[in-house]
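To start, the structure under review is shown below, and the notes come after it.
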Amino acid sequence: MRTQVGIIGAGPAGLLLSHLLHLQGIESVVLECRSREEIEATIRAGVLEQGSRDLLIETGVGERMQREGFVHHGIELSFGGRRHRIDLTELTGRSITVYAQHEVIKDLVAARLAAQGQLLFEVSDVNIADIDSERPTVSFAHKGEAARLECDYVIGCDGFHGVSRGTIPHHVRKDYSRVYPFGWFGILVEAPPSSHELIYAQHERGFALVSTRSATVQRMYFQCDPHDKVEHWSDDRIWAELHSRLENDDGWRLTEGRIFQKNIVAMRSFVATPMRHGRLFLAGDAAHIVPPTGAKGMNLAIADVRLLALALVEAIRNGKQEGLERYSDTALRRVWRAEHFSWFMTSLLHSFADASDFQRQLQRSELEYVVSSRAAMTSLAENYVGLPF
């Protein structure tokens, strides 16, 4: 097989990159180890920054998002028995859209297949070679047969556990990481919305988050031991925990419903540098992970491939390599800003078992400052809605 751009991974990064390149007349082949059904059913984060939303609309894959997504103009911070609203739109002129990642993937898969794009599911034994040459290759197995893909460029969009990042030699790559001592226990609930906007709650028992997926399905999380087991948590115990962490002085109560999914999400910060070696480029979770507190994961992936698509078009059409040469440095500036914001939100809202009384008082002081200072609220809002491309 021969193509201009070989893309490994059919998450938001890989699919959107393939779509953006197609709009510019550039061929790509997307290889994915999972089935279409699996990638379209895997529940992940669901907050789109203003820039991400605008890009999906501008490139023709935002119609369903505009119809079914929820535009939010603010978020609420809850602590000390009170809720405090951060007015994102008033502070920044921008908003966020709640639209689940797997719904974005459905839209992108449909667009690629409608355009007769080459999208191969359930591939295995993926191996990247010759990335220092002008003709890198990707070997793999598909439907029981060995195959080999020759490319001008290879883009690794295969997530934290994929093969792409490991192809960059250890003496070239530097990894930065932090593993947090807690996870998130997530549930999906059949219930009407408890709140019109996301609620981020800080409580002595731990963090909690109230989000939405649709008019009838809600997504909720609470901080937990990352080594805990889902089966240890009955529905009654889950509701008791959420109520205790979200209680406030105005009489508001969380709306309960039938819990139909439970899972535990680990929390880590991770960055691999550089995001390019030879003709291999990394994008999305293959290069960086953020804790979900800042709602940055999918948005960073979108920002990566927007930048990379522009650079690839210049290189393939006009022979100009400057954009590709700058890709890693340019992308990493946004990545580190998002890493810092995600760390800030995580530190601000979670309970740390080893925190001293002094540190807990500092955390409360920071929360009170954030909700009382317009400058602090603006800084949080600017980062939350997403910095301009």
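The values are calculated or read from the model by the stated rules, or taken from the named source; none is laboratory data. Fair warning: this is a prediction, and the values are worked out from it, not measured in the lab. Because the Cβ atoms are built from the backbone with ideal geometry, glycine has one as well, and the counts that use them run over all protein chains shown.
Observations
- Single residue of LEU56, LEU23, LEU48, LEU31 found to be at negative phi, surrounded by fewer than 21 Cβ atoms within 10 Å (Cβ to Cβ) and either in contact with a Cys (Cβ under 6 Å, 6 or more places away or on another chain) or modelled with pLDDT of 95 or more (or both): LEU23
- Test: residue in segment 362-380 that is under 19 Å from the mean Cα position of the chain (by Cα), buried (at least 19 other Cβ atoms within 10 Å of the Cβ), of a type in the set (A, V, I, L, M) and on the phi < 0 side of the Ramachandran plot: yes
- One residue alone among LEU349, LEU324, LEU307 is under 24 Å from ARG173 (Cα atoms), within 20 Å of the chain's Cα centre (by Cα), surrounded by 15 or more Cβ atoms within 10 Å (Cβ to Cβ) and not acidic (Asp, Glu), and that residue is LEU307.
- LEU209 meets the conditions (1) surrounded by 14 or more Cβ atoms within 10 Å (Cβ to Cβ); (2) within 30 Å of PHE140 (Cα to Cα) in every case but one. The failed one is (2).
- Of the set (1) more than 15 Å from GLU256 (Cα to Cα); (2) in a strand (DSSP E or B), all apply to HIS170 but (2).
- Test result for THR330, over 20 Å from VAL30 (Cα atoms), free of Cβ contacts under 8 Å to residues at least 60 places away in the same chain and β-branched (Val, Ile, Thr): yes
- Residues of segment 228-257 that are farther than 24 Å from LEU77 by Cβ and either at pLDDT below 95 or acidic (Asp, Glu) (or both): ASP228, GLU231, ASP235, ASP236.
The rows are residues; the columns are (1) of a type outside the set (A, V, I, L, M); (2) within 21 Å of ALA311 (Cβ to Cβ); (3) in contact with a strand residue (DSSP E or B) (Cβ under 6 Å, 6 or more places away or on another chain).
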residue	(1), (2), (3)
VAL109	no, no, no
LEU119	no, no, yes
SER124	yes, no, yes
ASN127	yes, no, yes
ASP132	yes, yes, no
ARG135	yes, yes, yes
HIS142	yes, no, yes
GLU145	yes, no, no
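- A single entry from ARG135, ARG83, ARG148, ARG94 fulfils the requirement of being touching a Cys at 6+ places or on another chain (Cβ under 8 Å) and either exposed (fewer than 14 other Cβ atoms within 10 Å of the Cβ) or under 30 Å from VAL210 (Cβ atoms) (or both): ARG135.
- You will find that of ALA315, ALA301, the residue that is surrounded by fewer than 24 Cβ atoms within 10 Å (Cβ to Cβ), of a type in the set (A, V, I, L, M) and touching a helix residue (DSSP H, G or I) at 6+ places or on another chain (Cβ under 6 Å) is ALA315 and no other.
- Inside segment 9-49, residues that are touching a strand residue (DSSP E or B) at 6+ places or on another chain (Cβ under 7 Å) and either of a type in the set (S, T, N, Q) or not assigned by TED's automatic domain parsing to the domain that holds ARG279 (or both) make up a count of 2.
- Selection from segment 226-237 of residues that are in contact with a strand residue (DSSP E or B) (Cβ under 7 Å, 6 or more places away or on another chain) and either surrounded by 22 or more Cβ atoms within 10 Å (Cβ to Cβ) or acidic (Asp, Glu) (or both): ASP228, ASP235
- The set of residues from segment 33-88 being within 26 Å of ARG205 (Cβ to Cβ) and either among the hydrophobic types (A, V, I, L, M, F, W, C) or free of Cβ contacts under 8 Å to residues at least 60 places away in the same chain (or both) comprises ILE43, ALA45, VAL47, ILE75, LEU77, PHE79, ILE86.
- For ARG306, the stated conditions hold: it is assigned to a helix (DSSP H, G or I), closer than 30 Å to TYR153 by Cα, in contact (Cβ under 8 Å) with a residue 12 or more places away in the chain and among the charged types (D, E, K, R).
- The strands (runs of 3 or more DSSP E) falling completely within segment 16-135 that include 2 or more residues that are within 21 Å of the chain's Cα centre (by Cα) and among the β-branched types (Val, Ile, Thr) map to 96-98.
- Looking across segment 335-389, just one residue is touching a His at 6+ places or on another chain (Cβ under 6 Å) and closer than 23 Å to THR97 by Cβ, and that is VAL335.
- Candidates ARG148, ARG173, ARG213, ARG178, filtered to the one that is modelled with pLDDT under 95 and out of contact with any Phe, Trp or Tyr (no Cβ under 7 Å at 6 or more places or on another chain): ARG213
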